[in-house]
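The values are calculated or read from the model by the stated rules, or taken from the named source; none is laboratory data. These figures come from a predicted structure and were not determined experimentally. Every residue, glycine among them, receives a Cβ derived from its backbone with ideal geometry; neighbour counts consider all protein chains shown. Surface areas here come from the heavy atoms of the whole protein model, side chains and all, with no ligands, DNA or RNA. Shrake-Rupley method; radii C 1.70, N 1.55, O 1.52, S 1.80 Å.
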Amino acid sequence: MTHYLRRVLCILLCLPAWALASEPSRFAAAVRETTVGGNAAQAFFLVGVLRDTGTPRADIEALRRELLHAYVAQITSPAVVPAPEPGAWESLKRRLPGAAPAPKDTVAAAIARGHARPDVLDAPFRAAWQGALNQGLTPRWETGAARTPFFAIAMRDMQPIAPGVWAAPAAGGRVRLMLALRLANTSTQPLPIFRPDIILGGAPGTGLDGLAFACTWDRPDQNLSEMQANAVTMVQPGEASGPLACEAQPAPMYWRDQLAALMMAGAAAKPLLVPHDMDNARRLYHLELALRNLAPQEENWGRRRLVAQQEPARQWAPGAKPLEPPESSPWAARPHQGWKTSAAALKYFLGGTVLALALFAGGRGLMRVGVPKFAVGVVTLLAGAGLAVLATASLDGGTGYGHPLYAGIALLGIFGPVLLCVLALHGLQTLLDNEEISGWDAVAKGWRSALDLNSATSRAEFWCFLAHCAWLWALARICLAPLDRWIGLALMVPLLTLTVRRLRSMTSTEMLGLGLSAACLVLLVLA
C-alpha cells in the first residue's frame, strides 16, 4: 500500500510543475483583463495606470486613441440607457459549464482596437473633436446687468453694444471688440474647455466671412504656474464654465453695428468653437490629466498599485465590475520568482540549516564533556550574535536603508530563526534520547506508517516527524513556490495519520493536559 501511495504522491507533485515556468498573475496582467465599461471619460485614468506598470509605449498610445475615439462617439451619440443588472438566475446560468459568458470589453481588447485607430493628432480626428465640442457646448452670453466682466473694469473705454458683446474705438478708424460668455454643457458627458477660439458672424447668408476671437479666462491677473496656466477645465453635463473673455484683432468699424445686429437677431447664437486640445502632444497631455481626474476609483487603484510594488509575490485578479481595481489576497499562492531567485533562496536556506546543525552539534559536544546546559545556551547565543555582527561588518557601507545598521537588523530575521531551531533541536534530541530512538528511524517509521491508523506512536516519533515535515514545507515555501501548497497537501496525509495514532497512544492524563492547553490557546486567541 505504501508503494502505491508513493506513486500517487509523485504524480501529484508532477502535475503542477507547469506553474514553475508559467507567467505569474501580476498586477499588469490583471489591469489588461479589467473591464473598461461604457464610460470612456472615466476609464481614461487607465492610461496612467498602464504607464505606471511599465506597459510598452505603443500599447499606451493605442489605449489613449481608443478611449478618445469612444469619448467623441459618446458625446455625439444620444444617451444610452444602461442595461439592467442580470438577476441571480441569469448570473448562475452564465457560470454553468458550457454556457456563453457575458461579453466583456477588457483593456486588452481596447488596446487591440486602438492599434487600428488613426492618430488623434491627425486632421480627421481633430475635425471630429471640434464637431463634438460644437455639438455639446452652447454659449451663454454675459450681459452688463448680470455681471460686469473683469476686462471691462480694466479697460474702461469698453462699452456694451449687445448681449455679451463689448466694443471700444481703436486707432485708424477701427474698432476693438470683445465677447463675455460662458460655455454650457448640453451633452451627457463632461466636456473639456481650454481657451478656445470663437468664429462669430460667419453663418451662411450673412455675407460675412466671420470674425475670429481668441478666448481666455476672465479673471484678474494672477501669477500662475505653467501647469495651472495650461490646465484644462472639465464642465459637467448641465453646468456652465467659468466666464470667458474673447478678444478679436481690431476690425473695420462696420463690424460694430453688424455684429450687434447679428447678436440681437440671434443669427450668431451658435458660434463656431475652435478647440486647442489636439494642437500637439503637450496639449494632449494636459487633456489627459483633466480626464484622469474624472475617475472615482483612482484612489483605490493607486493604493493597490503601491501594494503590488511593495509585495511582488502577490497574485492579482481583475475586479468583478467595470473599472474596479484588481483584487488580491495575502493567502493567494505565491508565483514562481525565477530559477535564479530560487537558487539564491535555496543557498540561504541551506546555509541557515547547516549553521543551525553546526551550532547544535557544537552544543551537544560541549554537554558531552560536562559543560552545563545554561553555559551551552549562553555560548550558542553569543555565537549566533557574533556571526550576525561579523556578517554585518562584512557588508559595504551605504546610506538610508542600505546602511549597515539596517542590514544588521535585517540579518536578525535570519539568525533569530536559526537560534530557535537550535533550541528546538536540543529539545527534540532530549526526547529521542529518553526513548532511545534515532531521528532517522523516527522519520522512516512515519513515512512507512503514512496510511496506518492502528499502530502506536511515541512522543519522540511524533515531534521528530513533525519537525521533518516542517523543514520540507519551509524549503518548498521559500524556494519552490507555487509548489509549496502541493507539497503541503502531500505532507498532510502522513501528518494526519500520525496525529490520529498519537492521540490513540496518549494516556488520559496526557489527553487532559492537551485539552487544557488547547482551551487556553483558544481563550488567548479570542482575547
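If I ask for residues that are in contact with a Ser or Thr (Cβ under 9 Å, 6 or more places away or on another chain) and of a type in the set (K, R), which ones from the range 288-319 would you list? I'd like the intermediate steps shown before the answer.
Restricting attention to the range 288-319, the residues satisfying the condition of being in contact with a Ser or Thr (Cβ under 9 Å, 6 or more places away or on another chain) are 290, 304-305, 307-308, 311, 314-319.
Residues satisfying the conditions are R304, R305, R314.
The criterion of at least 2 residues that are at pLDDT 90 or above is met, among helices (runs of 4 or more DSSP H) falling completely within the range 92-154, by 107-115, 123-136.
Is it true that some residue in the range 485-506 is open to solvent by 70 Å² or more (accessible area, probe 1.4 Å), of a type in the set (V, I, T), in contact (Cβ under 8 Å) with a residue 60 or more places away in the chain and in contact with a Phe, Trp or Tyr (Cβ under 9 Å, 6 or more places away or on another chain)? Checked against the condition, which is being open to solvent by 70 Å² or more (accessible area, probe 1.4 Å), of a type in the set (V, I, T), in contact (Cβ under 8 Å) with a residue 60 or more places away in the chain and in contact with a Phe, Trp or Tyr (Cβ under 9 Å, 6 or more places away or on another chain), the range 485-506 yields no hits at all. Might you check whether a residue that is part of a loop (DSSP other than H, G, I, E, B), in contact with a strand residue (DSSP E or B) (Cβ under 9 Å, 6 or more places away or on another chain) and either open to solvent by less than 10 Å² (accessible area, probe 1.4 Å) or under 16 Å from D218 (Cα atoms) (or both) occurs anywhere in the range 165-188? There is no residue in the range 165-188 that is part of a loop (DSSP other than H, G, I, E, B), in contact with a strand residue (DSSP E or B) (Cβ under 9 Å, 6 or more places away or on another chain) and either open to solvent by less than 10 Å² (accessible area, probe 1.4 Å) or under 16 Å from D218 (Cα atoms) (or both). Residue pairs whose Cβ atoms lie under 8 Å apart, sitting 6 or more positions apart in sequence or on different chains, and linking a residue in the range 296-307 that is modelled with pLDDT under 75 to a partner that is among the charged types (D, E, K, R) and in a loop (DSSP other than H, G, I, E, B), are Q297/E324. Among residues that are part of a helix (DSSP H, G or I) and modelled with pLDDT of 85 or more, P160 is not included. Considering only the range 454-466, I want to know if a residue exists there that is open to solvent by less than 20 Å² (accessible area, probe 1.4 Å), within 43 Å of the chain's Cα centre (by Cα) and either over 25 Å from V354 (Cβ atoms) or of a type outside the set (S, T, N, Q) (or both). Checking the range 454-466: at least one residue is open to solvent by less than 20 Å² (accessible area, probe 1.4 Å), within 43 Å of the chain's Cα centre (by Cα) and either over 25 Å from V354 (Cβ atoms) or of a type outside the set (S, T, N, Q) (or both).
The single condition among (1) at pLDDT below 90; (2) over 35 Å from the mean Cα position of the chain (by Cα); (3) not β-branched (V, I, T) that L183 does not satisfy is (1).
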